[in-house]
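Written below as structure tokens is the structure these notes are about.
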Amino acid sequence: MAGSLLALGIVVLTLAAGAEATSGPVVSWAGVVNQGGCPDCCNFSCRQTPTPTPEFDSFGRRVFTRSLGRFLFIAEGAIGESLLPPSVTGTRDSRGRLEGLGDFDRPGMQVLFSRALGNGDPFIECETNVSGGVPAGDGLDEAATTDAMVDAACRFEWVSSGTPCTRNRFGGFSTMSPSTSRQFCFQVPTAAEFPPGETVVSVQMMDRAGNVGPVEQVVVRVGTPVATPTPTPTAVGPHDVSGSVLHFATGAPVAGVEVSTMSGSDDTTGADGSYSFIDLVAMNESIVPRKEGGVGSAVSALDAAYVLQFAAATRSFTSLQELACDVTGDGTVSALDASQILKQQVGLIGDFAVTGASLCDSDWGFFPFPDVQPNQTTTVPAISGSSCVPGSINFAPLSANATGQSFIAYAFGDCTGNWQSGAGAATQAVDGGGLRIGRVRRARSGRIKVPVYLDSAADDFQSVAFDVHYDAQALVPVAVRRAGVAQSALVAASADASGRLRVALASPIRIASDGRPVAILRFSALRGGRRGAPEIRLTNAILDERSIH
């Protein structure tokens, strides 16, 4: 069957051959949100504001109205009668890798547009660089309909329900529907922007067995641009710009962020994370944030463990987590980033390379998620190894007051997203399952071995960090060896002249505590040192991101 545009403006999606209609996954939500993932407002200041009443057309289809044709289009799927989740074939993962179509010609997330996006180029460029437009699904034969679906699907990035690209009214990441098991996100670029007027979008989900679910349709209404005279400096401004900075995982406001404009104005976010500029008069304007410090204890050995798991493809990251975890600033997330995080934890290095003046010159990164305004574009943050492009919100020109010009913030190295406002403390003290020093053993060579045990009562863990205080007048640390259940871990250690040995371990796999040593500390006895049993005691033990006793 060929897709067709009915007189009512409805695009009919064709089902996979042999599959039972409506037996597959259902579309739990489809529609438009702002570029940063907010459906309307993502700020604590509007938590008491009623949600705008949804608009529907005469056929019962949800209508989304935007002034510009660039935004974030979301399609979410939930398990249907087949009891299988939506397939991700034909879409991309969080690292931009294309999932193959597998045994079917059509992708798992099937979408058609009643009108062409961008220039409507029918050429499929999924395997290389996704660019150009998407053809309309009107009057196509079966093969052309399949091609249009493939062309559209590869522009979507799929995420699990635990790592959505949308946000709730308080700024925290959340799917649009609580029943969603898979979310598909399409950041609409200029090359594929929605045309002025109304476009009907038809969405259908297929599971990995080829079962397709019912079609869900929404209407995207884009305001027709009005031609205006070329602005002049005397005709533009003054205008006000305001927004807020929220943490990417918790939605908490981030204070102390220095926000600057291209024209030279500066402001600093307060306790509520907000900033504002009054009476900006420049024609073209850019809003750029940066922040030094304020990370607190949000970066820990557990962040290194997350990086190792991501590098081993056992853990997925959102695009923001990938930006936060690239502490080397080389444009990739690898075991080298994990090593740098551990080295910082034990004091072997100070600042990360990415935060240095030669790269981002900021301990934080910022992703723009503004409310849409006329003449507005955004620059997403990017790191290439030799340069750092900061996130920014741009106007060419700034032709009206602009509120809601907000950013999502992430601290470099904080992969788990456990940063808290205020002092930034992120660890939680718990009782039970402690770390302890074992019996000190002296070898014939004079070397001393000290095992460090994690009690078998402790929970499964991915990282351990601890300090050991020793008698610097009698002992010199020689090495720290992984042992027992932590044999696969990455380890970093450092010692200072005061007798403090700092150790951090991160594992690419979750480890079950069994009472065996997690590390062996090796010391050399100094000649002429104090006689008797050397003083060695354990302090400041952290299991994952919990202080233990």
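Does region 373-386 contain any residue that is touching a Lys or Arg at 6+ places or on another chain (Cβ under 8 Å), open to solvent by 30 Å² or more (accessible area, probe 1.4 Å), at negative phi and part of a loop (DSSP other than H, G, I, E, B)? For region 373-386, residues touching a Lys or Arg at 6+ places or on another chain (Cβ under 8 Å), open to solvent by 30 Å² or more (accessible area, probe 1.4 Å), at negative phi and part of a loop (DSSP other than H, G, I, E, B): absent. If you scan region 292-326, which residues turn out to be open to solvent by less than 20 Å² (accessible area, probe 1.4 Å) and more than 26 Å from S174 (Cα to Cα)? The one that is open to solvent by less than 20 Å² (accessible area, probe 1.4 Å) and more than 26 Å from S174 (Cα to Cα): A301.
Within region 266-305, the residues that satisfy the criterion of being without any contact (Cβ under 8 Å) to a residue 40 or more places away in the chain and among the acidic types (D, E) are D266, D267.
Candidates in region 135-144 are the residues that are under 18 Å from D105 (Cα atoms) and aliphatic (A, V, I, L, M); of these, the one that is surrounded by the fewest Cβ atoms within 10 Å (Cβ to Cβ) is A143. Please go through region 391-420 and give me each residue that is surrounded by fewer than 19 Cβ atoms within 10 Å (Cβ to Cβ) and either within 30 Å of L336 (Cβ to Cβ) or touching a Cys at 6+ places or on another chain (Cβ under 9 Å) (or both), ordered by number. Residue satisfying the conditions is Q420 alone. Could you list, in sequence order, the residues of region 494-513 that are open to solvent by 70 Å² or more (accessible area, probe 1.4 Å), not in a strand (DSSP E or B) and not hydrophobic (A, V, I, L, M, F, W, C)? Across region 494-513, the qualifying residue is only S498.
Here D103, D147 are screened, and the one residue that is in a loop (DSSP other than H, G, I, E, B), surrounded by fewer than 20 Cβ atoms within 10 Å (Cβ to Cβ) and either in contact with a Gly (Cβ under 6 Å, 6 or more places away or on another chain) or of a type outside the set (A, V, I, L, M, F, W, C) (or both) is D103. Filter region 69-100 down to the residues that are polar (S, T, N, Q) and within 19 Å of the chain's Cα centre (by Cα), then identify the one that is most open to solvent (accessible area, probe 1.4 Å). The selected residue is S94. Being touching a strand residue (DSSP E or B) at 6+ places or on another chain (Cβ under 6 Å) and either within 25 Å of G69 (Cβ to Cβ) or surrounded by fewer than 21 Cβ atoms within 10 Å (Cβ to Cβ) (or both) is the filter here; which residues of region 174-187 pass it? Selection gives T175, M176, S177, S179, S181, Q183, F184, C185, F186, Q187. Screening the candidates G264, G347, G256, G331 for the property of being part of a loop (DSSP other than H, G, I, E, B), open to solvent by 30 Å² or more (accessible area, probe 1.4 Å), modelled with pLDDT under 90 and not hydrophobic (A, V, I, L, M, F, W, C) yields one hit, G331. Screening the candidates D141, D93 for the property of being out of contact with any Ser or Thr (no Cβ under 6 Å at 6 or more places or on another chain), charged (D, E, K, R) and within 25 Å of V219 (Cα to Cα) yields one hit, D141. Looking across region 464-488 at every residue that is assigned to a loop (DSSP other than H, G, I, E, B) and touching a residue at least 60 places away in the same chain (Cβ under 8 Å), the one that is nearest to T416 (Cα to Cα) is identified as D471.
The residues listed here are V478, V464, V450; of these, the one that is surrounded by fewer than 15 Cβ atoms within 10 Å (Cβ to Cβ) and under 25 Å from E535 (Cβ atoms) is V478.
The values are calculated or read from the model by the stated rules, or taken from the named source; none is laboratory data. Note that the structure is predicted; figures quoted are calculated from it, not measured. We place every Cβ from the backbone using ideal geometry, glycine too, and count neighbours over all the protein chains shown. Keep in mind that these areas ignore ligands, DNA and RNA; they rest on the heavy atoms of the full protein, side chains included. Shrake-Rupley method; radii C 1.70, N 1.55, O 1.52, S 1.80 Å.
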